[in-house]
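These notes concern the structure reproduced below.
The values are calculated or read from the model by the stated rules, or taken from the named source; none is laboratory data. Everything numeric in this text was worked out from a predicted model, so none of it was measured. Neighbour counts run over all protein chains shown; Cβ positions are idealised from the backbone, glycine included. Ligands, DNA and RNA are stripped out before the accessible areas are found, and what is left, the full protein with its side chains, is counted by its heavy atoms. Shrake-Rupley method; radii C 1.70, N 1.55, O 1.52, S 1.80 Å.
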Amino acid sequence: MHDLAKNRVHPASVRLIDNLQFRFAAAFSGTSTSFLKSFMQRIAKFYLTKIRGYDPYKLSLATLLFEGSKEEVKYQEKMVYSLAAKYNGMQAGETNGKRGYQLTFLIAYIRDFVMAYNFIAESMETSVPWSRVNELCQNTRKSILENAKRLGIKIEPFVTFRVTLLYETGATVYMYFGFHARGLKNSVEVYEEIEDEARKVIMESGGSLSHHHGVGKTRKKFMPEVIGESGLELLRGIKEHIDPKNIFATNNIVDGRSKKTE
(Lines give C-alpha, C1' and ligand atoms only; values in the text may rest on other atoms or scores of the structure.)
Protein backbone atom coordinates (compact mmCIF):
# COMPACT_ATOMS: atom_id res chain seq x y z
CA MET A 1 0.00 0.00 0.00
CA HIS A 2 2.81 2.39 0.85
CA ASP A 3 4.53 1.62 -2.45
CA LEU A 4 1.31 2.40 -4.32
CA ALA A 5 1.20 5.80 -2.68
CA LYS A 6 4.92 6.46 -3.25
CA ASN A 7 4.58 5.58 -6.93
CA ARG A 8 1.45 7.75 -7.18
CA VAL A 9 -0.64 4.89 -8.46
CA HIS A 10 -4.17 5.73 -7.39
CA PRO A 11 -6.91 3.25 -8.28
CA ALA A 12 -10.42 4.59 -7.67
CA SER A 13 -10.53 2.60 -4.45
CA VAL A 14 -8.07 0.51 -2.44
CA ARG A 15 -8.88 -1.40 0.74
CA LEU A 16 -6.46 -3.62 2.61
CA ILE A 17 -8.04 -5.86 5.24
CA ASP A 18 -6.31 -7.90 7.92
CA ASN A 19 -6.61 -11.64 8.35
CA LEU A 20 -9.50 -11.59 10.81
CA GLN A 21 -11.56 -9.40 8.51
CA PHE A 22 -10.61 -11.62 5.57
CA ARG A 23 -11.90 -14.71 7.37
CA PHE A 24 -14.98 -12.79 8.50
CA ALA A 25 -15.77 -11.91 4.88
CA ALA A 26 -15.11 -15.48 3.77
CA ALA A 27 -17.70 -16.71 6.25
CA PHE A 28 -20.38 -14.91 4.23
CA SER A 29 -19.37 -16.47 0.94
CA GLY A 30 -21.34 -19.60 1.69
CA THR A 31 -20.66 -23.10 0.48
CA SER A 32 -21.45 -24.17 -3.04
CA THR A 33 -23.93 -27.01 -3.66
CA SER A 34 -22.48 -27.51 -7.14
CA PHE A 35 -19.97 -30.34 -7.35
CA LEU A 36 -17.91 -28.48 -9.95
CA LYS A 37 -17.76 -25.23 -7.97
CA SER A 38 -17.03 -27.10 -4.75
CA PHE A 39 -14.24 -29.01 -6.51
CA MET A 40 -12.76 -25.78 -7.91
CA GLN A 41 -12.84 -24.22 -4.45
CA ARG A 42 -10.82 -27.13 -3.08
CA ILE A 43 -8.35 -26.80 -5.94
CA ALA A 44 -7.96 -23.09 -5.26
CA LYS A 45 -7.42 -23.72 -1.54
CA PHE A 46 -4.80 -26.38 -2.32
CA TYR A 47 -2.98 -24.00 -4.68
CA LEU A 48 -2.97 -21.14 -2.18
CA THR A 49 -1.91 -23.14 0.87
CA LYS A 50 0.27 -25.89 -0.54
CA ILE A 51 1.84 -24.40 -3.66
CA ARG A 52 1.94 -20.68 -2.89
CA GLY A 53 2.49 -21.38 0.82
CA TYR A 54 -0.10 -18.92 2.13
CA ASP A 55 -1.19 -19.42 5.73
CA PRO A 56 -5.00 -18.97 5.87
CA TYR A 57 -4.60 -17.54 9.40
CA LYS A 58 -2.08 -14.91 8.26
CA LEU A 59 -3.40 -14.10 4.81
CA SER A 60 -4.59 -10.56 4.10
CA LEU A 61 -6.54 -9.22 1.15
CA ALA A 62 -6.59 -5.97 -0.81
CA THR A 63 -9.65 -5.08 -2.88
CA LEU A 64 -9.15 -2.60 -5.71
CA LEU A 65 -11.44 -0.71 -8.04
CA PHE A 66 -10.07 0.64 -11.33
CA GLU A 67 -11.68 3.45 -13.30
CA GLY A 68 -10.68 5.46 -16.37
CA SER A 69 -9.88 4.84 -20.00
CA LYS A 70 -8.79 1.42 -21.20
CA GLU A 71 -5.18 2.62 -21.28
CA GLU A 72 -5.37 4.13 -17.78
CA VAL A 73 -6.85 0.99 -16.26
CA LYS A 74 -4.30 -1.21 -18.02
CA TYR A 75 -1.45 0.94 -16.65
CA GLN A 76 -2.85 0.89 -13.12
CA GLU A 77 -3.34 -2.86 -13.19
CA LYS A 78 0.20 -3.40 -14.45
CA MET A 79 1.68 -1.25 -11.68
CA VAL A 80 -0.50 -2.73 -8.93
CA TYR A 81 0.12 -6.35 -9.84
CA SER A 82 3.87 -5.85 -10.26
CA LEU A 83 4.03 -4.31 -6.78
CA ALA A 84 1.89 -7.12 -5.39
CA ALA A 85 4.25 -9.72 -6.87
CA LYS A 86 7.16 -7.95 -5.18
CA TYR A 87 5.57 -8.86 -1.83
CA ASN A 88 4.49 -12.39 -2.84
CA GLY A 89 0.97 -11.25 -3.63
CA MET A 90 -1.26 -12.51 -6.41
CA GLN A 91 -4.49 -11.66 -8.16
CA ALA A 92 -7.52 -13.14 -6.44
CA GLY A 93 -10.06 -12.40 -9.15
CA GLU A 94 -13.04 -10.12 -9.66
CA THR A 95 -15.45 -12.25 -7.61
CA ASN A 96 -13.37 -12.00 -4.45
CA GLY A 97 -12.98 -8.27 -5.01
CA LYS A 98 -16.73 -7.77 -5.21
CA ARG A 99 -17.16 -9.91 -2.11
CA GLY A 100 -14.77 -7.64 -0.23
CA TYR A 101 -16.81 -4.58 -1.16
CA GLN A 102 -20.05 -6.29 -0.22
CA LEU A 103 -18.70 -6.71 3.31
CA THR A 104 -18.34 -2.93 3.54
CA PHE A 105 -22.02 -2.50 2.81
CA LEU A 106 -23.02 -5.38 5.09
CA ILE A 107 -21.12 -4.21 8.18
CA ALA A 108 -23.76 -1.77 9.44
CA TYR A 109 -26.56 -4.30 9.00
CA ILE A 110 -24.53 -7.02 10.71
CA ARG A 111 -23.89 -4.66 13.64
CA ASP A 112 -27.61 -3.94 14.03
CA PHE A 113 -28.46 -7.64 13.80
CA VAL A 114 -25.97 -8.83 16.42
CA MET A 115 -27.09 -6.15 18.89
CA ALA A 116 -30.23 -8.23 19.36
CA TYR A 117 -27.93 -10.94 20.71
CA ASN A 118 -26.12 -8.70 23.22
CA PHE A 119 -23.15 -8.02 20.96
CA ILE A 120 -22.08 -4.37 20.88
CA ALA A 121 -19.95 -3.28 17.93
CA GLU A 122 -18.85 -0.07 16.27
CA SER A 123 -16.17 1.38 14.01
CA MET A 124 -13.51 4.05 14.49
CA GLU A 125 -11.26 5.70 11.93
CA THR A 126 -8.10 7.80 11.91
CA SER A 127 -5.33 9.04 9.66
CA VAL A 128 -1.74 8.14 10.51
CA PRO A 129 1.75 8.45 8.93
CA TRP A 130 2.93 5.37 7.04
CA SER A 131 5.77 4.84 9.50
CA ARG A 132 3.30 4.28 12.33
CA VAL A 133 0.44 2.32 10.74
CA ASN A 134 1.48 -1.06 12.18
CA GLU A 135 2.31 0.44 15.57
CA LEU A 136 -1.08 2.13 15.78
CA CYS A 137 -2.96 -1.06 14.92
CA GLN A 138 -1.01 -3.16 17.42
CA ASN A 139 -1.33 -0.61 20.23
CA THR A 140 -5.04 -0.08 19.64
CA ARG A 141 -5.76 -3.80 19.61
CA LYS A 142 -3.80 -4.24 22.84
CA SER A 143 -5.69 -1.38 24.50
CA ILE A 144 -9.10 -2.78 23.55
CA LEU A 145 -8.28 -6.31 24.72
CA GLU A 146 -6.71 -5.22 28.00
CA ASN A 147 -9.48 -2.79 28.92
CA ALA A 148 -12.20 -5.24 27.95
CA LYS A 149 -10.70 -7.82 30.30
CA ARG A 150 -10.31 -5.23 33.08
CA LEU A 151 -13.95 -4.21 32.74
CA GLY A 152 -15.29 -7.73 33.09
CA ILE A 153 -15.79 -8.89 29.50
CA LYS A 154 -15.25 -12.65 29.55
CA ILE A 155 -14.96 -13.45 25.84
CA GLU A 156 -12.15 -11.84 23.86
CA PRO A 157 -13.52 -8.94 21.78
CA PHE A 158 -13.58 -8.89 18.00
CA VAL A 159 -10.92 -6.39 16.80
CA THR A 160 -10.00 -5.92 13.16
CA PHE A 161 -8.41 -3.26 10.93
CA ARG A 162 -8.38 -2.11 7.34
CA VAL A 163 -6.52 0.57 5.38
CA THR A 164 -8.97 2.42 3.15
CA LEU A 165 -7.39 5.60 1.77
CA LEU A 166 -3.81 6.17 0.63
CA TYR A 167 -1.83 9.38 0.71
CA GLU A 168 1.85 10.00 0.00
CA THR A 169 2.49 10.73 3.68
CA GLY A 170 0.08 8.34 5.36
CA ALA A 171 -3.13 6.35 5.28
CA THR A 172 -6.62 6.15 6.69
CA VAL A 173 -7.11 3.22 9.05
CA TYR A 174 -10.53 1.84 9.96
CA MET A 175 -10.94 -0.36 13.02
CA TYR A 176 -13.94 -2.43 13.97
CA PHE A 177 -14.39 -3.80 17.44
CA GLY A 178 -17.17 -5.49 19.33
CA PHE A 179 -17.81 -7.59 22.40
CA HIS A 180 -20.42 -9.81 23.96
CA ALA A 181 -22.19 -7.75 26.63
CA ARG A 182 -24.34 -10.42 28.27
CA GLY A 183 -24.04 -10.19 32.04
CA LEU A 184 -22.80 -6.59 32.04
CA LYS A 185 -25.02 -4.21 33.99
CA ASN A 186 -23.49 -1.11 32.43
CA SER A 187 -22.67 -2.19 28.88
CA VAL A 188 -22.96 1.31 27.39
CA GLU A 189 -20.55 2.77 29.95
CA VAL A 190 -18.15 -0.14 29.39
CA TYR A 191 -18.23 0.43 25.64
CA GLU A 192 -17.60 4.16 26.03
CA GLU A 193 -14.64 3.60 28.33
CA ILE A 194 -13.07 1.06 25.97
CA GLU A 195 -13.51 3.40 23.00
CA ASP A 196 -12.17 6.44 24.90
CA GLU A 197 -9.07 4.55 26.01
CA ALA A 198 -8.56 3.25 22.47
CA ARG A 199 -8.89 6.79 21.12
CA LYS A 200 -6.20 8.01 23.49
CA VAL A 201 -3.87 5.24 22.31
CA ILE A 202 -4.63 6.08 18.68
CA MET A 203 -3.52 9.68 19.18
CA GLU A 204 -0.49 8.63 21.22
CA SER A 205 0.46 6.35 18.33
CA GLY A 206 0.43 9.19 15.81
CA GLY A 207 -3.19 8.99 14.68
CA SER A 208 -5.61 11.87 14.28
CA LEU A 209 -8.76 12.33 16.36
CA SER A 210 -10.76 11.59 13.23
CA HIS A 211 -10.18 11.41 9.50
CA HIS A 212 -13.65 12.03 8.06
CA HIS A 213 -16.25 10.85 10.58
CA GLY A 214 -15.82 14.13 12.40
CA VAL A 215 -15.72 15.09 16.06
CA GLY A 216 -19.34 15.72 17.00
CA LYS A 217 -20.33 15.16 20.61
CA THR A 218 -18.67 11.80 21.22
CA ARG A 219 -15.10 12.94 20.60
CA LYS A 220 -15.50 16.56 21.71
CA LYS A 221 -13.82 15.77 25.03
CA PHE A 222 -10.50 15.27 23.18
CA MET A 223 -10.50 18.65 21.44
CA PRO A 224 -8.50 20.54 24.13
CA GLU A 225 -5.69 18.01 23.69
CA VAL A 226 -5.84 18.28 19.90
CA ILE A 227 -5.99 22.05 19.31
CA GLY A 228 -5.59 23.59 22.79
CA GLU A 229 -7.68 26.25 24.51
CA SER A 230 -6.66 28.96 22.01
CA GLY A 231 -7.93 26.83 19.16
CA LEU A 232 -11.19 26.20 20.98
CA GLU A 233 -11.68 29.92 21.61
CA LEU A 234 -11.17 30.56 17.91
CA LEU A 235 -13.83 27.98 17.01
CA ARG A 236 -16.21 29.41 19.60
CA GLY A 237 -15.73 32.88 18.14
CA ILE A 238 -16.53 31.66 14.62
CA LYS A 239 -19.52 29.75 15.92
CA GLU A 240 -20.93 32.77 17.77
CA HIS A 241 -20.41 35.05 14.78
CA ILE A 242 -22.16 32.92 12.17
CA ASP A 243 -24.62 31.10 14.45
CA PRO A 244 -25.32 33.33 17.49
CA LYS A 245 -28.49 31.40 18.38
CA ASN A 246 -26.63 28.06 18.34
CA ILE A 247 -29.04 26.45 15.91
CA PHE A 248 -26.65 24.33 13.84
CA ALA A 249 -24.59 21.41 15.19
CA THR A 250 -25.69 22.19 18.72
CA ASN A 251 -22.82 21.49 21.14
CA ASN A 252 -20.82 19.65 18.50
CA ILE A 253 -17.04 20.14 18.63
CA VAL A 254 -17.36 23.13 20.99
CA ASP A 255 -20.07 24.61 23.20
CA GLY A 256 -22.18 27.33 21.67
CA ARG A 257 -20.91 30.13 23.89
CA SER A 258 -17.38 31.05 24.91
CA LYS A 259 -16.29 31.27 28.52
CA LYS A 260 -15.99 35.06 28.23
CA THR A 261 -19.71 35.50 27.47
CA GLU A 262 -21.15 32.90 29.85
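A residue that is open to solvent by less than 70 Å² (accessible area, probe 1.4 Å), part of a loop (DSSP other than H, G, I, E, B), of a type outside the set (V, I, T) and in contact with a Leu (Cβ under 8 Å, 6 or more places away or on another chain) occurs somewhere in region 60-68.
The single condition among (1) over 23 Å from R199 (Cβ atoms); (2) of a type outside the set (A, V, I, L, M); (3) free of Cβ contacts under 8 Å to residues at least 24 places away in the same chain that Q102 does not meet is (3). For region 215-239, which residues satisfy the criterion of being of a type in the set (D, E, K, R) and part of a helix (DSSP H, G or I)? If the condition is that a residue be of a type in the set (D, E, K, R) and part of a helix (DSSP H, G or I), then K220, K221, E225, E229, E233, R236, K239 are the ones that fit. Cβ separations smaller than 6 Å between residues 6+ apart or across chains give the following pairs from region 129-149 residues that are touching a residue at least 12 places away in the same chain (Cβ under 8 Å) to residues that are open to solvent by 40 Å² or more (accessible area, probe 1.4 Å): W130/H2; S143/E197; N147/E197. Looking across H180, H241, one residue alone is more than 28 Å from the chain's Cα centre (by Cα) and of a type outside the set (A, V, I, L, M, F, W, C). It is H241.
Can you confirm whether Y117 is over 17 Å from I17 (Cβ atoms) and in contact with a Lys or Arg (Cβ under 9 Å, 6 or more places away or on another chain)? Spelling it out, Y117 is indeed over 17 Å from I17 (Cβ atoms) and in contact with a Lys or Arg (Cβ under 9 Å, 6 or more places away or on another chain). Within region 204-219, identify whether any single residue is farther than 27 Å from N134 by Cβ, of a type in the set (D, E, K, R) and crowded, with 16+ Cβ neighbours inside 10 Å, and answer yes or no. No, the conditions are met nowhere in region 204-219. There is at least one residue in region 72-84 that is acidic (D, E) and at pLDDT 90 or above.
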